Amino acid sequence: MQYRALGRTGLNISAIGLGTMTWGEQNTQKEGHAQMDYALARGINFFDTAELYAVPPKPETQGATESIIGTWFKARKNRDQVILATKIAGRSPMGWCRDDGGKTRLNAAQIDEAVEGSLRRLQTDYIDLYQLHWPDRKIQLFGGHNYVDYPIDFTPFEIILEALDRHVQKGNIRHIGVSNETSWGLMRYLIEAESRGLPRMASIQNAYHLLNRSFETGLAEISLREEVGLLAYSPLGQGTLTGKYLNGARPEGARGTLFGRLERYQGPGAEEAITAYAQCARDHGLSPVQLALKFCDTRPFIASTLIGATSMDQLKENIAAFDTPWTDDLEKAVNDLHTVHRSPCP
């Protein structure tokens with residue numbers, strides 16, 4: 001297992017991160033425990049979760065994933081072996097996340113409530129990396145190629161950082177990060193942190209995969225120059241890059257079959273791009289999973305690639321894919337395809 005720096009924190013995290021969002025919905029507590037046991041045995045020391053999980057989000061399963069992780073920590077007594085990341089929900093109408101039933105926002109009161117809730121469910125007294133799941137300001141999220149200018153109405157960056165800093169000072173959280181963030185947003189956080197002596201964003205967790213390389217425009221340079229590593233989520237494009245949904249297929253038990261929610265990967269040009277990458281993998285003697293995951297692993301701005309699985313076989317296949325050799329021919333092949341199929345699924 002390779003380990004990489006998590007920003008400027010001094011922590012080294014595994015190049016593979018264990019995603020957890022299916023636990024409590026598609027996976028039972030027993031299955032979640034088994035996945036964590038296996039991942040830790042394979043050298044994965046970085047686990048990522050969120051107060052929102054399980055997915056798809058709904059009142060009945062909110063917090064279930066953190067609770068499963070908490071029971072594992074209690075049973076195994078191994079909290080010190082894991083670098084644990086979780087997230088607070090950004091601005092949304094999901095009132096079930098808050099005690100008062102109000103809309104979620106990134107403000108001091110809600111940060112306090114969310115941190116304490118996560119600590120309780122996780123059965124720990126500290127969180128290694130606390131992330132803002134998406135911004136407080138309204139921006140175009142989870143799909144879309146065009147910029148939309150929304151009204152300026154959001155909690156100021158410095159107020160959010162000050163609220164997080166209070167928990168850093170208490171020892172509740174060690175480091176902070178952003179998720180689903182833009183270049184402007186990330187730089188504003190870094191500028192406010194530097195000018196006010198507040199905690200610095202150590203990471204950014206955004207979607208990144210063969211169908212969505214938009215991170216490379218703007219954010220990749222910030223990530224490298226400012227040492228804010230990318231935690232790449234959906235490296236398989238919500239399973240689409242395996243090819244299992246091609247030609248309208250809906251495999252039994254697959255997330256897209258159970259819940260839909262594949263719109264981000266069904267826009268114009270998506271099917272053609274997925275087909276082309278699957279053929280590219282076969283042409284080079286690889287599976288589509290090997291091509292997609294190793295592609296992410298070889299990008300210089302990525303601190304960890306987050307994988308998720310609903311079965312142990314999937315988890316083993318995903319982890320093994322990182323042992324795939326990456327060649328100049330593969331690099332040229334995926335870049336040639338990217339020129340033709342330029343991020344159809346942002």
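The values are calculated or read from the model by the stated rules, or taken from the named source; none is laboratory data. Everything quoted here is computed from the prediction, not taken from an experiment. Methodologically, a virtual Cβ is constructed for each residue, glycine included, from the backbone with ideal geometry; neighbour enumeration extends over all protein chains shown.
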Response to the item:
Only unsatisfied item for Gln266, checking (1) surrounded by fewer than 20 Cβ atoms within 10 Å (Cβ to Cβ); (2) in contact (Cβ under 8 Å) with a residue 12 or more places away in the chain, is (2)
Worksheet, complete the sentence: Reported set for segment 1-51 where residues are closer than 20 Å to Pro235 by Cα, assigned to a loop (DSSP other than H, G, I, E, B) and either without any contact (Cβ under 8 Å) to a residue 40 or more places away in the chain or in contact with a strand residue (DSSP E or B) (Cβ under 9 Å, 6 or more places away or on another chain) (or both) is Met1, Gln2, Leu6, Ala15, Thr20, Met21, Arg42, Gly43, Ile44, Asn45, Thr49, Ala50
Response to the item:
Taking segment 297-333 and keeping only residues that are touching a residue at least 60 places away in the same chain (Cβ under 8 Å), assigned to a helix (DSSP H, G or I) and touching a helix residue (DSSP H, G or I) at 6+ places or on another chain (Cβ under 6 Å), one is left with Leu315
Worksheet item: Residue check, Thr155 against (1) at pLDDT 95 or above; (2) under 15 Å from Gly185 (Cβ atoms); (3) in contact with a Gly (Cβ under 9 Å, 6 or more places away or on another chain); (4) assigned to a loop (DSSP other than H, G, I, E, B), all met but one. Which one?
Response: (3)
Practice prompt. Please go through segment 205-221 and pick out each residue that is touching a helix residue (DSSP H, G or I) at 6+ places or on another chain (Cβ under 6 Å) and either free of Cβ contacts under 8 Å to residues at least 60 places away in the same chain or over 23 Å from Glu271 (Cα atoms) (or both).
Written response: Asn206, Gly218, Leu219
Fill in: Candidate set from segment 77-131 (those that are hydroxyl-bearing (Ser, Thr, Tyr) and buried (at least 19 other Cβ atoms within 10 Å of the Cβ)); member that is farthest from Gly7 (Cα to Cα)
Thr104
Item to complete: Would you confirm whether any residue within segment 170-191 is at positive phi, buried (at least 18 other Cβ atoms within 10 Å of the Cβ) and not in a strand (DSSP E or B)?
Response: yes
